[in-house]
Amino acid sequence: MRPARAVSSATLALLLAVATFFLASPANAATVRYVALGDSYSAGVGAGNYDSSSGNCSRSNSSYPALWNAAHAPSSFSFVACSGAVTGDVLNGQLAAVTSSTTLISITIGGNDAGFSNTMETCVLDGTSSCLSAVNAAEAYANNTLPGQLDQLYAAIHAKAPSAHVVVIGYPHLYHIGGGCLFGISDTSRSAINGAADVIDNVISGRAANAGFTFADVRGAFTGHEICTSNQWLHSTTWPIDESYHPTAAGQSGGYLPVFSSKA
């Protein structure tokens, strides 16, 4: 009788594991209610295929939230991420889309608070010395002011949807260092910009953990696909200017989407 009991236990364990997988898998959970918050990296600026009804928010049908929605068909999907958003915009506007019945939330936020756009403009137009000064200012803001802003926002998200699984997604390194770009800013500036991304990601990761949220790091996914590589997933300076230094459609589908999916 011992072999029969052993087989029965193994079978039961296998059945429980399979059941747990399917119950936990968003792809098979018809009750998932997903809200996508955040800035231009979540809206999909740079990916094209924009939803004209989103206006200046420039939400793309090729963004990772839209692609995840298309692949998993949750019971509801609210896409309110917006180009240019800062923590206050999420807190005072986008958060209206979150309710107590929301079960999944994604968000990229913090880059605009720390002055990402202005820093890049300075680095491109004003040379290495000015770039390093702008980067230092952005890092100081990220270390000293951004944590409190994130804490306030994350607390508000938790208060509105206490049972939701919240995935906070970071930012990639923009540049490959050491060749690949014949023109543009110096490698010194490129290294400093990548370093600023590390500072911001570290702050975001730490505050997300403190809030009980899940941090999703995209830096590894974009390695080998930065600006100055032969297969870059990020725009350099573009026209329209708003798409500059944002993920392409390939960056959304090949970078952000699988990283988010692995944490959702």
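Values quoted throughout were computed directly from the atomic coordinates according to the rules given, and no laboratory measurement underlies them. On a predicted model such as this, the values are computed, not experimentally measured, just so you know. Please note: Cβ atoms are built from the backbone with ideal geometry, for glycine as well, and neighbour counts cover all protein chains shown.
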Residue-count net charge about ILE200 - beta-carbon cut-off 10 Å; Lys, Arg +1, Asp, Glu -1
-4
I need the peptides 237-245, 57-65, 225-233, 71-79 ranked by packing, meaning the mean over residues of other C-beta atoms within 10 angstrom, with the highest value on top.
57-65, 225-233, 71-79, 237-245
Longest principal axis of the chain (C-alpha) makes with the long axis of helix 116-144 (C-alpha) an angle, in degrees to the nearest 10, of 50
With Cβ to Cβ distances under 10 Å as the rule, what net charge do the other residues near ALA43 carry (K, R +1; D, E -1)?
-1
Label-point gap, in nm, between ALA159 and ALA250 - each point 7 angstrom along Cα→Cβ
4.4
Return one number: the angle in degrees, 0 to 90 and rounded to the nearest 10, between the long axis of the Cα atoms of helix 2-24 and the longest principal axis of the Cα atoms of the chain.
40
Could you give the angle, 0 to 90 degrees to the nearest 10, between helix 187-211's Cα long axis and the longest principal axis of the Cα atoms of the chain?
40
At q = 0.10, 0.11, 0.17 Å⁻¹, base-10 log of I(q)/I(0) for segment 121-264 (Debye sum, equal scatterers on each alpha carbon)
-0.38, -0.46, -1.03
Rounded to the nearest Å, the spacing of the alpha-carbon centers of segment 136-194 and segment 89-104 is 21
Dipole in debye (nearest 20) - the chain, about Cα centre, beta carbon charges: Lys, Arg +1; Asp, Glu -1
1240
Option label - Cα extents along the principal axes in Å computed here, alternatives (i) 66, 49, 35; (ii) 79, 41, 37; (iii) 56, 48, 39
(ii)
From the backbone phi of segment 148-165, what are the Karplus-calculated ³J(HN,Hα) couplings (6.51 cos²θ - 1.76 cosθ + 1.60, θ = phi - 60°) in whole Hz, Gly and Pro given as x?
x, 5, 5, 4, 5, 5, 5, 5, 5, 4, 5, 5, 7, 9, x, 9, 6, 8
Given labels modelled 7 Å from the Cα in the Cβ direction, how far is it in nm from ASP198 to THR214?
2.7
